[in-house]
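*Asks:* What follows is a structure written as structure tokens; I'll ask about it next.
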Amino acid sequence: MKLLCISCMKREEVSASTVVEWFYKTEGGKDELIYEYRKVYHEFPSRFSGRLQWNGSKDMQDVSITVLNVTLNDSGIYTCNVTREFDFEIHRPLFTSSRLIHLTVVEEGGEDFTSVISEIMMYILLVFLTLWLLIEMVYCYRKVSKAEETVQENATDYLAIPSENKENCAVPVEE
């Protein structure tokens, strides 16, 4: 399960030091630090030991983590805190952002009725479009055949010599 946390406060041309902290708390419980980045990634001993993995980017714009082998006990509130200190010559501004993620884990996701309906509609549409294409192909084939027959009849009529002219078709030879 990826816990998404995006923090777009850093520009490539400006150097900055970044600290990322991930907290977890149960409903009505207390915040517990579970993961931290301060130049190195560090997972704290908790119920998540061995199940947290960095899933962010190297430029620290995406500071997400992944919880592996999610269980029902992983439901709760996750907090992503990002602190950036920019390295300007004159001053060093400090920016902080925080994001809350409410995660509810259920035993098994049931099949959504909407997805079933959309799958049925997809197959109906596929059959309809196939039939439409077949009808269109037959129509075009008949139209082309009719046009070829018309061209063939016109060519035959053009080349035919009328029967009354057949008797006089020889030109007398004079010596």
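*Asks:* Just how much of His102 is accessible, in Å², when a 1.4 Å probe is used and the result is rounded to the nearest 10?
*Replies:* 130 Å²
*Asks:* Counting other Cβ atoms within 10 Å, keep those with at most 12, restrict to DSSP loop, and tell me which GluC sites (Glu not before Pro) in the stretch 18-116 are left.
*Replies:* Sites meeting the loop and neighbour criteria: Glu27, Glu89, Glu107, Glu108, Glu111.
*Asks:* Let me confirm the definition first: pairs of Lys residues in the stretch 1-155, 8 or more apart or on different chains, C-alpha distance under 25 Å. How many are there?
*Replies:* Value for the stretch 1-155: 9.
*Asks:* If you plug each phi of the stretch 132-148 into the Karplus form 6.51 cos²θ - 1.76 cosθ + 1.60 with θ = phi - 60°, what whole-Hz ³J(HN,Hα) values come out, in order, with x for Gly and Pro?
*Replies:* The phi angles translate into 4, 5, 5, 4, 5, 5, 5, 4, 5, 4, 5, 5, 5, 4, 4, 5, 5 Hz.
*Asks:* Please go through the stretch 6-94 and write out the chymotrypsin sites (Phe, Trp or Tyr not before Pro) that DSSP classes as loop and that have at most 11 other C-beta atoms within 10 Å.
*Replies:* Phe88
*Asks:* Quick check: the distance between the Cα centres of the stretch 66-120 and the stretch 126-156, to the nearest angstrom?
*Replies:* If you average the Cα positions of each part, the centres end up 57 Å apart.
*Asks:* Sort the stretch 52-97 into rounded, prolate or oblate with this rule: let a ≥ b ≥ c be the square roots of the eigenvalues of the Cα gyration tensor; rounded if a/c is under 1.5, and if a/c is not under 1.5, prolate when a/b is larger than b/c, oblate otherwise.
*Replies:* Because a/c hits 1.5 or more and a/b fails to exceed b/c, the stretch 52-97 counts as oblate.
*Asks:* Just need the relative contact order of the stretch 2-103 here, percent rounded to a whole number, with Cα pairs under 8 Å and 6+ apart.
*Replies:* Worked out over the stretch 2-103, it gives 33 percent.
*Asks:* Ok, one more. Can you list which of the trypsin sites (Lys or Arg not before Pro) found in the stretch 22-125 are DSSP loop residues with at most 11 other C-beta atoms within 10 Å?
*Replies:* Passing both the DSSP loop test and the Cβ count: Lys30, Lys39, Lys58.
The values are calculated or read from the model by the stated rules, or taken from the named source; none is laboratory data. Just so it is clear, the structure is predicted and the values come from calculations on it, not from any experiment. Here Cβ is always computed from backbone atoms with ideal geometry, including for glycine, and neighbour counts include all displayed protein chains. The accessibility values were calculated without ligands, DNA or RNA, using every heavy atom of the protein model including side chains. Shrake-Rupley method; radii C 1.70, N 1.55, O 1.52, S 1.80 Å.
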